[in-house]
């Protein structure tokens, strides 16, 4: 994330809170990458759609994960952990299991990018998707991001 000085919030008492500008993909630390997904809403397991409609909805997620993984320069790995985070626009109660549909599409995109050979449990561990509360850095906006961690 890049903090732009012209986007410092001065309406909050105390120290100014920076408003972050998302970057699509970047390495967080050695062996860890953050991918900002460019979507406003996650896919849901509650959508019981015909296979063709589901494929049309899933395809952009898969393509975005592939492009972002390549853009981040994630090398082929022996084993990875994939974590999906979602900050919704409001604080309504949500079921994190519904985000598994989004996580599966991201996993397929990571495989398409050549990071791991396939999406079997031999090559990756998926962590239960997490729904986080909105905060002062992104008022009124939602956010979907993925953290990929390589393991030796």
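Restricting attention to region 80-90, the residues that are under 17 Å from residue 42 (Cα atoms) and in a strand (DSSP E or B) add up to 6.
Which pairs turn up if I take residues in region 109-130 that are part of a helix (DSSP H, G or I) and look for partners that are surrounded by fewer than 15 Cβ atoms within 10 Å (Cβ to Cβ) with beta carbon separation below 9 Å, at least 6 apart in sequence or on another chain? Between residues of region 109-130 that are part of a helix (DSSP H, G or I) and residues that are surrounded by fewer than 15 Cβ atoms within 10 Å (Cβ to Cβ), the close pairs are 109/63; 111/117; 111/118; 112/63. Does residue 113 count as surrounded by 12 or more Cβ atoms within 10 Å (Cβ to Cβ) and more than 17 Å from residue 45 (Cβ to Cβ)? Spelling it out, residue 113 is indeed surrounded by 12 or more Cβ atoms within 10 Å (Cβ to Cβ) and more than 17 Å from residue 45 (Cβ to Cβ). Residue count for region 61-100, restricted to those that are in contact with a strand residue (DSSP E or B) (Cβ under 6 Å, 6 or more places away or on another chain), surrounded by fewer than 17 Cβ atoms within 10 Å (Cβ to Cβ) and farther than 15 Å from residue 32 by Cα: 2. Residue 77 passes every criterion in (1) at pLDDT 90 or above; (2) closer than 25 Å to residue 47 by Cα apart from (2). Residues in region 25-42 that are touching a helix residue (DSSP H, G or I) at 6+ places or on another chain (Cβ under 7 Å), surrounded by 15 or more Cβ atoms within 10 Å (Cβ to Cβ) and assigned to a strand (DSSP E or B): 25, 26, 33, 35, 37. Would it be correct to say that residue 45 is surrounded by 10 or more Cβ atoms within 10 Å (Cβ to Cβ), in a loop (DSSP other than H, G, I, E, B), more than 20 Å from the chain's Cα centre (by Cα) and at pLDDT 50 or above? For residue 45, the condition - surrounded by 10 or more Cβ atoms within 10 Å (Cβ to Cβ), in a loop (DSSP other than H, G, I, E, B), more than 20 Å from the chain's Cα centre (by Cα) and at pLDDT 50 or above - is not met. Return only the number of the condition from (1) at pLDDT 90 or above; (2) surrounded by 15 or more Cβ atoms within 10 Å (Cβ to Cβ) that residue 58 does not satisfy. Of (1) at pLDDT 90 or above; (2) surrounded by 15 or more Cβ atoms within 10 Å (Cβ to Cβ), only one is false for residue 58: (1).
Contact map, region 69-96: residues that are without any contact (Cβ under 8 Å) to a residue 60 or more places away in the chain and on the phi > 0 side of the Ramachandran plot paired with residues that are surrounded by fewer than 15 Cβ atoms within 10 Å (Cβ to Cβ) and part of a strand (DSSP E or B), Cβ distance under 9 Å, separation 6+ or inter-chain. Pairs shown: 73/27. Residue 133 falls short on exactly one of the conditions (1) closer than 11 Å to residue 42 by Cβ; (2) assigned to a loop (DSSP other than H, G, I, E, B), and that condition is (1).
The values are calculated or read from the model by the stated rules, or taken from the named source; none is laboratory data. This is a predicted model, so every value here is computed, not measured. As a convention, Cβ positions derive from the backbone with ideal geometry for all residues, glycine included, and neighbour counts pool all protein chains shown.
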